[in-house]
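Taking it in order: structure first as structure tokens, then the write-up.
The values are calculated or read from the model by the stated rules, or taken from the named source; none is laboratory data. Predicted, not measured: the structure shown is a model, and the values here were computed from it. For neighbour counting, all protein chains shown are included, and Cβ atoms are generated from backbone atoms with ideal geometry for every residue, glycine included. For the accessible areas, the whole protein counts, side chains as well, though only heavy atoms, and no ligand, DNA or RNA atoms are used. Shrake-Rupley method; radii C 1.70, N 1.55, O 1.52, S 1.80 Å.
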Amino acid sequence: MAYLLQHLLTDSAARRPDRPALAAGDRSLTYAELDRLSNQVARALLAQGVAPGDRVGILAPKSAAAVVSMFGALKAGACYVPLDPNAPASRLSVIMRDSDIAVVLADTARLSGAAALADSVPKLRSAIVAGPHWGPGDAAGTAGPATPGLAVVSWDAVLAEPDGPVAGNPAIETDPAYILYTSGSTGTPKGVMISHRNALTFVVWAAAYTE
């Protein structure tokens, strides 16, 4: 029985590996592909020192890259924080400092923007490149611009990680799965923590409602 959000993916990958899990533009990923890619992202995060409960930023639009990033962060035992790529840099800096983000996942189009935040987010130590489509046959990922003090992990390096199940995740259902930031009554971004249990309750309800 699923009690963490990522269990929904691993269970589906085991039961229907070749069924399409998501589509973005002219590309799609099966459940098995999504499961394997998110395992590789999780390992890349762990290699960068991400520990259980850490916050991982996701700087990407609504896309396959964002979905793989979300599951990768959860499989690493982390809590992900969506970062609006259209938001001003000042707002992103406030959110990243407030949530103690040290590692950010960014697609290639927004990697330079992620690197530019390093000066205003002292705890930010590394950025992991998201492949443009996150699927087999993609062009090689770039390592991105050289940024003093910020390690940049290429998409090729992510794809070099083992794609098997990630063991040892100590998360429980009451742990936060993600943090959503609102404008707040004062205009200052305020984070709202959503636990795995709360998110799963909504997913189960939404699935039943659409049947």
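A few remarks follow.
- Comparison of Ser63, Ser12, Ser93 shows that the only residue that is in contact with a Ser or Thr (Cβ under 6 Å, 6 or more places away or on another chain), surrounded by fewer than 21 Cβ atoms within 10 Å (Cβ to Cβ) and either more than 29 Å from Lys123 (Cα to Cα) or modelled with pLDDT under 95 (or both) is Ser93.
- Selection count where residues are surrounded by fewer than 22 Cβ atoms within 10 Å (Cβ to Cβ), aliphatic (A, V, I, L, M) and in contact (Cβ under 8 Å) with a residue 60 or more places away in the chain, scope segment 75-90: 0
- Summed over segment 180-195, residues that are of a type outside the set (A, V, I, L, M), modelled with pLDDT of 90 or more and touching a Phe, Trp or Tyr at 6+ places or on another chain (Cβ under 7 Å) total 1.
- Looking across segment 98-114, just one residue is over 21 Å from Val153 (Cα atoms) and open to solvent by 60 Å² or more (accessible area, probe 1.4 Å), and that is Asp98.
- Taken residue by residue, segment 47-54 has at least one member that is open to solvent by less than 30 Å² (accessible area, probe 1.4 Å) and closer than 20 Å to Met96 by Cα.
Yes/no per residue for (1) in contact with a Phe, Trp or Tyr (Cβ under 7 Å, 6 or more places away or on another chain); (2) open to solvent by less than 80 Å² (accessible area, probe 1.4 Å); (3) assigned to a strand (DSSP E or B); (4) acidic (Asp, Glu):
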{"site": "Asp156", "(1), (2), (3), (4)": "no, yes, no, yes"}
{"site": "Glu161", "(1), (2), (3), (4)": "no, yes, no, yes"}
{"site": "Gly164", "(1), (2), (3), (4)": "no, yes, no, no"}
{"site": "Tyr178", "(1), (2), (3), (4)": "yes, yes, yes, no"}
{"site": "Asn198", "(1), (2), (3), (4)": "no, no, no, no"}
{"site": "Tyr209", "(1), (2), (3), (4)": "no, no, no, no"}
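- Criterion: touching a Pro at 6+ places or on another chain (Cβ under 6 Å) and of a type in the set (Gly, Ala, Ser) - qualifying residue of Ser69, Ser28: Ser28
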